[in-house]
Amino acid sequence: MKAAVLVFPGSNREGDIARAIELVTARKPQMVWHGDGDFDAADLIVVPGGFSYGDYLRCGAMAAQSPVMAEVKRRAARGVPVLGVCNGFQIITEAGLLPGVLMRNRQLKFICGDVHLRVETGQSLFTNRYQSGQVIRVPVAHAEGNYFADAETLRRLEDRGQVAFRYCAPDGTRGGTGNPNGSINDIAGVFNEGKTVLGMMPHPENAIEPLFGGGDGRGLFEGLVEALS
Amino acid sequence: MSSERNPPVKLPNEPAITPAIVAEHGLAPDEYQRLLRIMGRDPTLVELGIFSAMWSEHCSYKSSKVWLKKLPTEAPWVIQGPGENAGVIDIGDGEACVFKMESHNHPSYIEPYQGAATGVGGILRDVFTMGARPIANLNALRFGDPAHPKTRHLVSGVVAGIAGYGNCMGIPTVGGETNFHAAYNGNILVNAMTVGVAQADRIFYARATGVGNPLVYVGSKTGRDGIHGATMSSTEFSEDSESKRPTVQVGDPFVEKLLLEACLELMATDAIVAIQDMGAAGLTSSSFEMAAKGDLGVEVELDRVPMRETGMNPYELMLSESQERMLIVLKPGREELARKIFEKWELDFAVIGRLTDSGRMVLRWHGDVVGNIPIPPLVTEAPMYKRPWTPTPLPAQVQSASVSDPKDWKASLLRLMSCPDLASKAWIWKQYDHLIMGNTAIRPQDGDAALVRVPGSQKALALTSDCTPRYVQAHPETGGRQAVAEAWRNITATGALPLAITDNMNFGNPQKPEIMGQFAGAITGMAEACRALDFPVVSGNVSLYNETEGRPILPTPTIGAVGLLQDVARGVGARLTQGGLALVLIGRTTGWLGQSLALRELHGREDGAPPPVDLALERRNGDFVRSRIAARDVVACHDLSDGGLLVALAEMCVAGGTGATIEVPPDAAMRQGWLYGEDQARYLIATRDAAPLLEAAHAAGVEARRIGVSGGDTLAVRGLLEIGLAELRSAHEEWLPAYMNAAA
């Protein structure tokens, strides 16, 4: 699998996700500077976490207008898989690759720590290593992860199985304190209609080694390798 | 150049230098006389400003220098001790650890968010200036009484500021400490520490060389913020300190992130001769220090400095503390290479001067010389004071037998676990990204020190910050010794080998002999501990005049410490995660209640002598514990400090979700002292099999005793108390969020 990781001014988890990809594929991803309107062919495009352009204006809003994102949108339209994590989720949402918006956390504070996620479907490029309904533990680190969509959009997302992950308790139940940011329907990650684009707030790239936060995020990268190699 | 000796021109509207203006600049009359002697004429306003900044307590260490010299600063693994932007130690495999702690107390009290944020920004720059990529941040915070009307606002702002800056930079904030005491009501402490890693043969220093080499300004533009911050932080506070808000700098972590990446990119080339961040006293101290360290002169064309506002003058440009700026001396002909890198990162880049052999700082403004100062005398003839001091007498010992046992043991433990100093600080550290970079092996609250992997290796750095100000207040020498010993112990408890410290000395007004006595005593105690534990000081910072309306803070020499673990997989935390483990207490227990938290929280007393620190015992017990961790005998380990044995055990239980049962030995002189006393040099260890551990302890001459076993979902002391873990956890975790969420 050939992966490309975008780098914006203010990106800061590009190294984490590049390392996760390298650990799983034994191959360094291509790092793509935001000003580049074109880059080498890739099987997967990753939009990493961070504070692109300082998160000034609105998270992800400026990055969504950068030259590289115009190219990402073209390739996504051709079906090239795109993974956006955290700020990357905000960016691809701002760019219109995914529905909905990410608002400030319910408690209006940055939150960092482990959360539990229920994998809503194991039937996708990104989640084929997980069972539907499986609970995984991965960290979050964000101030604006409160997912929202209007009722009509939400109904469509739910009906079409576009919810990838939901926040939950360690035993998979919802409704308790598992939702860290107030996201509607406990949504932690969503697909586009074709399930070729995934945006998620939690950081699977920081859950790939048992000594450093556990290994539950590794399956996402392994699944991608299997699907895209 | 002959013009360098010419007297400078006066600028239009430049005021005459009156005694009032001199006093406003914080220069004492005899210091001004010294200035006149050096200059041989009246200074211009910008020259006066430069002397004022360079001779401020903050930049010159004039009251503390004679004492700081007493600290040991050398060891075979020390690459760079105090005097540079940060300390540097060898961590093997050609790698070095670069670290320092620095205060931003006064700005954080005036404007908590920006004050704390720029404190983080400043210490990060100190570390990456030396060529290191920062891999961890820590912070030590002291706030006033929670009941004080300002405290909640200050906690909220400071924590948000630290989070806002560190999170955006992408550096994990992995550890620290937070205390509350009324002595900090009008003067909080915000001490921030950064730890970075560099190639040992690629360290960058501030010493300028090469006459004619270009002086380059990079980073943000210069504005009017922070003018005279260094002078402000060198005076006492009064109630009108808020009028000084304009002297607080405003930070932009996004720009600093770009600056970090651009500097590291430039450092990977061979273009840099010397580099210095513009911190306190901005362009003044950075250009001065670079030239002074290289025995050179410097000529600066101030009109070339990138400016944020129109109408700025030389005085403002030299003294602005605008953030996210660096000064670099480049090799000749490397300007274009460097310019391209900074333009890629969308940062300002300007050649603003050059090095000369004149030994003078010559400032030009549109061609006219507006300042002309000889560099060596400003440094060598800087005021240095041996201020009078009176030692703090050792208070009488509190006799444990004179302190009645709590009527309700269970209530006593719940009270301690929920008191502001011991309550969980998760509300704080969950606002910090402590996981970015994917190297955090021991997270906040999971162990005595944070454990952070050195990127791309199996090694890890153990990081902690410690001080027990109430001990230092009671007896500075003992308190100084204890602060160093506790940092050493916290690193040891993870299995790492303690290597070196950075000290952040926060004290009151040094012109008061009793305050100077606290400083002297603390340094004396610290020096003894550093020597006995092979734990040299490699960097530090002094913050004096921490007083408001004449009321000083508790003397607070915060110790930031670094240790090394060769294999991160061998590290241990303090979480009790399984039943059936034997609990072994290492060290001697006398039941020392003087200055203990139990005495304060349960009996309302803040008196007595602090627990004595026997450094030979510290060393023996600590070396023993480390050796057992290396031998894989230890499942979890926690040092005993605030709150003593029972609090340590309760913390282990809550963190790991497993209960425990212990028994007070029949020979314990006093149950309360045994459970809550704060005797030093002690650890609580959980081990699968106590027998070999006890045997090894005996052979090493270390006191060790099996006191109980882990398991179940309650914490029990036989015959005294039994508390469900859920109740214990609630007591521990609910205080701070409840306090912060309460209506102000």
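Any idea what log10 I(q)/I(0) is at q = 0.30 Å⁻¹ for segment B:106-149, Debye with uniform C-alpha scatterers and no solvent? Per q value, in the given order, log10 I(q)/I(0) is -1.10.
Ranked by the mean number of other Cβ atoms within 10 Å of their residues, highest first, the peptides A:99-110, A:199-210, B:679-690, B:76-87 come out as A:199-210, B:679-690, B:76-87, A:99-110. The DSSP beta bridges internal to the protein assembly as shown are antiparallel in roughly 75% of cases. Considering only A:Leu220, A:Gly50, A:Pro99, and ranking their Cα positions along the charge dipole of segment A:3-228 that arises from unit charges at the beta-carbon of Lys, Arg, Asp and Glu, the one farthest toward the positive end is A:Pro99. Relative to the longest principal axis of the Cα atoms of chain B, helix B:335-344 runs at roughly 50 degrees. Which percent of the accessible heavy-atom area of segment A:3-228 goes to carbon and sulfur, probe 1.4 angstrom? For segment A:3-228, the apolar C and S fraction of the accessible surface comes to 49 percent.
Each Lys and Arg Cβ is given +1 and each Asp and Glu Cβ -1; about its Cα centre, chain B then shows a dipole of about 640 debye.
Accessible area per residue for chain B is 32 Å², calculated with a 1.4 Å probe on protein heavy atoms, without ligands, DNA or RNA.
Taking every residue in A:106-114 and counting other chain Cβ atoms within 10 Å of its Cβ, the average works out to 6. Peptide B:448-455 shows a mean partner chain C-beta count of 1 within 10 Å per residue C-beta. Within straight-line reach of A:Lys28, meaning a Cα separation under 22 Å, sit the following lysines at least 8 residues removed in sequence or on another chain: A:Lys2. Solvent exposure of chain A, expressed per residue, is 37 Å² of accessible area, with all protein chains present and a 1.4 angstrom probe.
Looking at the square roots a ≥ b ≥ c of the eigenvalues of the Cα gyration tensor of segment B:363-435, which shape do they give, rounded for a/c under 1.5, prolate if a/b is larger than b/c, or oblate?
It comes out oblate by the Cα gyration axes.
Scan segment A:167-229 for trypsin sites (Lys or Arg not before Pro) in coil per DSSP, keeping those whose Cβ has at most 10 other Cβ atoms within 10 Å, and list them by number. Working shown, then result.
On the way: sites: A:Arg174, A:Lys195, A:Arg218; in loops: A:Arg174, A:Lys195.
Of the trypsin sites (Lys or Arg not before Pro), not one in the loops of segment A:167-229 has a Cβ with at most 10 other Cβ atoms within 10 Å.
Structure remark: mean-square fluctuation, Gaussian network model of chain A, C-alpha springs under 10 Å; the largest value among A:Thr196, A:Thr127, A:Thr177 belongs to A:Thr177. If you plug the beta carbon distance of A:Ala151 and A:Trp33 into 1/(1 + (r/R0)^6) with R0 = 41 Å, you get a FRET efficiency near 0.55. So how tilted is helix B:644-656 from the main axis of chain B? Cα-based, degrees 0 to 90, rounded to 10. The two axes meet at around 80 degrees.
If you take every DSSP beta bridge whose two residues both sit in segment A:3-228, what share of them, in percent to the nearest 5, is antiparallel? Bridges in segment A:3-228 that DSSP calls antiparallel: roughly 60 percent.
Peptide A:18-24 is shielded by partner chain Cβ atoms: per residue, an average of 1 of them sit within 10 Å of its Cβ.
Hey, any idea what Rg/Rh is for chain B, computing Rh the Kirkwood way over Cα pairs? That ratio is 0.99, to two decimals.
For chain A, list the DSSP H helices whose alpha carbon atoms reach 24 Å or more along the long axis and whose average Kyte-Doolittle value is 0.5 or above? Numbers along the way, then the final one.
Details: long enough: none.
Answer set is empty.
Taking the Cα centre of segment B:133-227 as the origin, how large is its charge dipole in debye, to the nearest 20, when only Lys and Arg (+1) and Asp and Glu (-1) carry charge on their Cβ atoms? Let's see the in-between values first.
On the way: 8 positive and 4 negative charges, 45 e Å.
Here segment B:133-227 has a charge dipole of around 220 debye.
Taking segment B:305-346 and a reference point 7 angstrom along Cα→Cβ of B:Asp368, the backbone N atoms nearer than 14 Å belong to B:313-315.
Shape summary: segment A:154-203 maps onto an equivalent ellipsoid whose semi-axes, from the alpha-carbon gyration tensor, are 20, 12, 9 Å in decreasing order.
Largest GNM mean-square fluctuation among A:Ala70, A:Ala42, A:Ala26, using chain A with Cα springs under 10 Å: A:Ala26. The modelled label-to-label distance for the pair B:Ala23/B:His153, using points 7 Å beyond Cα in the direction of Cβ, is 3.1 nm. Taking chain A as a Gaussian network of alpha-carbon nodes connected by springs under 10 Å, the highest mean-square fluctuation of the residues A:His116, A:His34, A:His142 belongs to A:His34. Interface residues of segment A:208-226, defined as a loss of at least 40 Å² in heavy-atom accessible area between the chain alone and the complex of all protein chains with a 1.4 Å probe, are A:Leu211, A:Phe212. Residues of segment B:136-183 that bury at least 20 Å² of accessible area when the other protein chains are present, relative to the chain alone (probe 1.4 Å, heavy atoms, ligands and nucleic acids excluded): B:Asn167, B:Cys168. With N as its number of residues, the protein assembly as shown has a Cα radius of gyration that, divided by 2.2 N^0.38 Å, comes to 0.95.
Note the buried accessible area between A and B here, summed over both chains, with a 1.4 Å probe, in Å² to the nearest 100.
2200 Å²
Which loop-located trypsin sites (Lys or Arg not before Pro) does segment B:128-226 contain, where loop means any DSSP state but H, G, I, E or B and the Cβ has at most 14 other Cβ atoms within 10 Å?
B:Arg202
Once the Kirkwood radius over Cα pairs is known for segment A:3-228, the Stokes-Einstein relation at 4 °C and 1.567 mPa s delivers a diffusion coefficient of 76 µm²/s.
Taking the C-alpha atoms only, the angle from helix B:151-169 to the longest principal axis of chain B is near 70 degrees.
The values are calculated or read from the model by the stated rules, or taken from the named source; none is laboratory data. Please read these numbers as outputs of a predicted model, since none were measured by experiment. Cβ coordinates were reconstructed from backbone atoms using ideal geometry, including for glycine residues, and neighbour counts include every protein chain displayed. Areas reflect the complete protein model, heavy atoms only, side chains present, ligands, DNA and RNA absent. Shrake-Rupley method; radii C 1.70, N 1.55, O 1.52, S 1.80 Å.
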